[in-house]
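Quick notes on the structure that follows.
The values are calculated or read from the model by the stated rules, or taken from the named source; none is laboratory data. In this text, all values refer to a predicted model and were calculated from it rather than measured experimentally. A quick note on method: Cβ atoms are made from the backbone with ideal geometry, for glycine too, and the neighbour counts reach across all protein chains shown. All accessible areas refer to the heavy atoms of the entire protein, side chains included, with ligands and DNA or RNA removed. Shrake-Rupley method; radii C 1.70, N 1.55, O 1.52, S 1.80 Å.
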Amino acid sequence: MKILKYIGLGLLAIVLVALVVTVLQSPQTHLERSVVINAPDSVIFEYVNNYQKFNAWSPWAKIDPQTQYTHEGPDAGIGARMSWISNHPDVGSGSQWIVESIPFTRVRSGMQFGEFEGEFFAQIDIEPAEGGQKVTWHYYGDVTSASMTGTLMGKFFGMFMDGMLGPQYEDGLKNLKSVAEDQQKSS
């Protein structure tokens, strides 16, 4: 019986340490990935500023081809909105909408993921680089204004965001590079 007591105390200690580490995390999360694409900024911008073309390079479109998409507002630029519903746990449901669109330079989108509380943004920056255009895809999350439970969940998931989302961003940028360079070759 003593062994069960020690196992219980050990598990309790692990839970308490995890809780303290989570509480001490920043409510803000950021990650980014970059790639150089050998195509004009106008070609790249066409894909990142238009949700009608998003699935041509989106890493999530390959994960669940059965995802249902709806589009609202203009096809491209500020006000364009895309929502999705998927039963796949790596895709889920949510929406994103363009809040900033600077031609050939930047697209910033607000995002909402299911019932997760907080403010979430994606930003894609395009800048000249040796060999083409450097495209950087950013993710920003802030759960400061969420409920206590939402803040704790956001901080907890924030500790693993780079490992969870980073590979998908890398895959998406690889896809974007492929479609933009292919379009450039065929032009």
Any chance residue 180 is among the hydrophobic types (A, V, I, L, M, F, W, C), surrounded by 15 or more Cβ atoms within 10 Å (Cβ to Cβ) and modelled with pLDDT of 95 or more: yes
Filter pass, residue 80 being open to solvent by less than 60 Å² (accessible area, probe 1.4 Å), in contact with a helix residue (DSSP H, G or I) (Cβ under 6 Å, 6 or more places away or on another chain) and touching a residue at least 40 places away in the same chain (Cβ under 8 Å): no
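For residues that are without any contact (Cβ under 8 Å) to a residue 40 or more places away in the chain and under 15 Å from the mean Cα position of the chain (by Cα), scanning just region 100-116, find the one that is most open to solvent (accessible area, probe 1.4 Å).
Selected residue: 116.
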Output for region 62-73, where each listed residue is surrounded by 15 or more Cβ atoms within 10 Å (Cβ to Cβ) and part of a loop (DSSP other than H, G, I, E, B): 64, 67
Checklist (1) open to solvent by less than 40 Å² (accessible area, probe 1.4 Å); (2) at pLDDT 95 or above applied to residue 120, failing item: (2)
Qualifying position, being open to solvent by 40 Å² or more (accessible area, probe 1.4 Å), touching a residue at least 12 places away in the same chain (Cβ under 8 Å), touching a helix residue (DSSP H, G or I) at 6+ places or on another chain (Cβ under 6 Å) and of a type in the set (S, T, N, Q), among 87, 55: 55
